[in-house]
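The block underneath contains the structure these notes are about, expressed in structure tokens.
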Amino acid sequence: MLEIDKLSVSYGTVHALQEVDLEIAGEGVLHGVIGPNGAGKSTLLDAVSGRRRPTAGAIRYRGQDITRRSVAWRRRRGMARSFQRTNIFQDLTVREQLSLVAWRLGDDRISDVIEVMDLGDYLEERAGRIAYGVQRRVDVALALIGRPQLLLLDEPGAGLSAEETLRLFQHVRDLVGERRIAAVVVEHDVDAVFACCGVVTVLDLGRHLATGVPAEIRADQRVITAYLGSAA
Amino acid sequence: MNGQAATRVAYRRGAALVPSARGSRRILAGAAALLLFTIGAFAPQYLANDFLLRLADGGLLLGILALSIAFLMSQAGLVSLGAASVYGGVGYLFAIAMSQWYLSPLAAIVASMVVVTVYAAILGALIIRTTPLAFMMLTLAAGEMISHAVLLEGLRDYTSGADGLVVSFGGTLFGLEAGDFANSARFWPIVWTAAWAIGSAVWAVRRSRLGAVLRATRQNEERMRFSGFDTYGPRLAAFVLANVIAGACGLLHVLNSGFVSPESLGLGLSTNALVSALIGGTATSAGPLLGGVIFAFAQDQFGAHGLTQLLTGLAIVVFIVLFPSGVVGAWRDFAQWIWRNRNREAG
Ligand SMILES: Nc1ncnc2c1ncn2[C@@H]1O[C@H](COP(=O)(O)OP(=O)(O)O)[C@@H](O)[C@H]1O
Ligand SMILES: [Mg+2]
């Protein structure tokens, strides 16, 4: 589905990602990306989704090199993302924004998305006026419209409680399993990641540290030293 | 699950009720608009003297120009300071097309509108991607360039420099002679009809999918792209439409005044139109049109006291502080407030 090849991204002199290789194969499997703050997790999603041009390397999506494609092009071909900092339409109602995006992507079944993200009670509310936790769900809901093939979620649990995060992860895991799509979830709540992801990648200081099933990652000595050590 | 099913049923029942109520209200609103249009088109010629009509003609022209600015402001969040350069520029084009290229009046109108459209598309393509502040400064720069171009010595044969051009035509245009357009009473129904037509067109665009896309883009351009939208094309289309409105308004102006001069291109006119838009409110079609008329009458009153600049400045401050959404916006809020209170008492 997605092949990342020696991907590097720099912000001036900050090398946020250095020669990262990664393959997201899984249909129906949630792929978690963890790592300390500043490891380059958001930068990875920015590069894949087209928000930020890589300084080197290539991104292939469904067999095609898309490194230089526009954001909107990627979205129309099934690559969708949500944002670490809520990025929704504050002055539109929840229904207005979901239907506008659904119109663009030719999706006539937003009721599915509304149900999955449990937004039924907020449809007529302006997004800027609803609780932060619900706004997070709107952010994810916007990414779910149009039946994307590849879902990229950047800390969907940011600002949610541990239980809310876990519940959101379970929702997404079920959805990904049902629709047999690929999904990458960046999260620093490692418990939710180990509980719901089939594969986990660890980034540290802009480099790829390890990829494997949760049990392998938990036991990996380098990961424990670099990241889990303090948490575990 | 049960709750959701119940909601769905309630929605459906609501759906059956709402359109009929809304439908009858729509018919009522349509009839009221038609009545207002008809009365407005003919009554002033019998009630007002030549001086007042002339003021009203000018005010409505200013209002149409203000509508062009307000449309771009409210839909795309962009303030243009170059409206007058198109408004006046189209007058020059019209005059030159007839006198130098020997086009008929109608062909000259078509030619000058084509030039305006192409100009707006090229300028827009260059500047629409910048920040709102840069956009404003670039429209100002482009406008100033046009104002200076008409004063160039090399173009004097075409533009007559600072003297301006007398614009007249022989024969008829849409069955009217040049003298008809110049007559304040006969021009009134023309500009009134144009204001309604342009106002309705803007109203329709606002309610269309394009309007929804523009407003969402204004709110969050990045999320629009991440939702698969092209955010460049719609904004370019809005910019071109705003310029076409300014151009049409400029043609009406030149037909009415029979004269075009560097003043009609200047920044002063652009800012007057901007102020008119703010007075009336940018969110509706009626707002800027009314704002233009208010502005024209107020200027006349202020001028009578010899205090035009001072009182205009004062009025602007008062309006922006007291009625940030303009006269029409404030009126709308007031009507909604009454409506809500009445409903509360009834229920
Ligand atoms: N827009 C930016 N400008 C400059 N540096 C940035 C920018 N965004 C991120 N960085 C830097 O790049 C590195 C990786 O950041 P990020 O991808 O946000 O990490 P993570 O999401 O893993 O916390 C950090 O050192 C961060 O300070
Ligand atoms: Mg991050």
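Working from Cα positions, state the angle (0 to 90°, nearest 10) between the long axis of helix B:50-76 and the longest principal axis of chain B.
Tilt of helix B:50-76: around 60 degrees.
With the crude spin-label approximation of a point 7 Å out along Cα→Cβ, what separation in nm comes out for B:GLN100 versus B:HIS305?
Simple spin-label model gives 4.5 nm for this pair.
What is the ratio of the Cα radius of gyration of region B:182-321 to 2.2 N^0.38 Å, with N the residue count, to two decimals?
Details: Rg = 17.8 Å, N = 140, 2.2 N^0.38 = 14.4 Å.
Rg over 2.2 N^0.38 Å, computed on Cα atoms: 1.24.
Just going by the charge dipole of the protein assembly as shown, with Lys and Arg at +1 and Asp and Glu at -1 on Cβ, which of B:ASN343, A:LEU168, B:ALA21 is farthest out on the positive end?
Going by the charge dipole, the pick is B:ALA21.
Enumerate the amide H contacts of B:PHE259 below 5 Å, restricted to partners 5 or more residues apart or on another chain; note that Pro and chain-start residues carry no placed amide H.
It is B:VAL167, by chain and number.
Determine how large the accessible area of B:VAL244 is when every protein chain is in place; take a 1.4 Å probe and give Å² rounded to the nearest 10.
Here the accessible area works out near 40 Å².
A:HIS15 accessible area, nearest 10 Å², 1.4 Å probe?
100
Take the Cα atoms of the protein assembly as shown, find their three principal axes, and give me the spread along each one in whole Å, biggest first.
92, 68, 43
Taking Cα atoms, how many degrees apart are the long axis of helix B:209-219 and the longest axis of chain B, rounded to 10 and kept between 0 and 90?
With both axes taken from Cα atoms, the answer is about 90 degrees.
Could you work out the mean count of beta carbons from other protein chains within 10 Å of each residue's beta carbon in A:91-103?
3
Could you check how many percent of all C-alpha pairs in region B:52-266 are farther apart than 25 Å?
It works out to 40 percent of all Cα pairs.
Taking every pair of distinct Cα atoms and averaging 1/r, then inverting, what Kirkwood hydrodynamic radius in Å comes out for region A:105-196?
13.6
Between A:LYS6 and A:ALA219, what is the label-point separation in nm under the 7 Å Cα-to-beta-carbon projection?
3.4
If you restrict to DSSP beta bridges whose two residues both lie in the protein assembly as shown, what percentage is antiparallel, to the nearest 5?
Beta bridges within the protein assembly as shown, antiparallel portion: roughly 60 percent.
For A:GLY57, enumerate residues with amide H under 5 Å from its amide H, sequence gap 5+ or separate chain, H modeled in the peptide plane.
So A:GLY57 has HN proximity to A:SER8.
Helix by helix, which DSSP H runs in chain A go 15 Å or more along their axis at the Cα atoms and have an average Kyte-Doolittle hydropathy of 0.0 or more?
A:94-105, A:132-144
In debye to the nearest 20, how big a dipole does chain A give about its Cα centre with +1 on each Lys and Arg Cβ and -1 on each Asp and Glu Cβ?
Dipole magnitude for chain A comes out near 920 debye.
Using every pair of alpha-carbon atoms in region B:33-168, split the distances into 5 Å bins beginning at 0 and state the percent of pairs per bin, rounded to integers.
For region B:33-168, the binned pair fractions read 2, 9, 13, 17, 17, 15, 14, 9, 4, 1, 0 percent.
Please give the Cα centre distance for region A:18-62 versus region B:245-263, rounded to the nearest Å.
57
What order do B:PHE259, B:PHE51 take when sorted by accessible area (1.4 Å probe), most exposed first?
Ranked from most to least accessible, the order is B:PHE51, B:PHE259.
Scan around A:ARG81 for amide H atoms under 5 Å from its own, H built in the peptide plane at 1.01 Å from N, and keep only partners 5 or more places away or cross-chain.
The answer is A:LEU152.
Which angle between 0 and 90 degrees, to the nearest 10, do you get for helix B:326-346 versus the longest principal axis of chain B when only C-alpha atoms count?
Helix B:326-346 sits at roughly 20 degrees to that axis.
Got a sec to turn the phi values of region B:288-305 into Karplus ³J(HN,Hα) couplings, 6.51 cos²θ - 1.76 cosθ + 1.60 with θ = phi - 60°, whole Hz, x for Gly and Pro?
x, 4, 5, x, x, 5, 4, 4, 4, 5, 5, 4, 5, 5, 4, x, 4, 8
Specify which residue in the list A:ILE114, B:PHE295, B:TYR46 is farthest towards the positive end of the charge dipole of the protein assembly as shown, using unit charges on the beta carbon of Lys, Arg (+1) and Asp, Glu (-1), about the Cα centre.
A:ILE114
With a 1.4 Å probe and all protein chains in place, put B:MET98, A:MET1 in order of accessible area, largest first.
A:MET1, B:MET98
If you wrap a convex hull around the alpha carbons of region B:32-104, what volume per residue comes out, as a whole number of Å³?
163
The values are calculated or read from the model by the stated rules, or taken from the named source; none is laboratory data. Because the structure is a prediction, the values reported are computed rather than measured. Heads up, the Cβs are rebuilt from the backbone with ideal geometry, glycines too, and the neighbour counts pull from every protein chain shown. When the accessible area is computed, the model is the full protein with side chains, heavy atoms only, and any ligands, DNA or RNA have been set aside. Shrake-Rupley method; radii C 1.70, N 1.55, O 1.52, S 1.80 Å.
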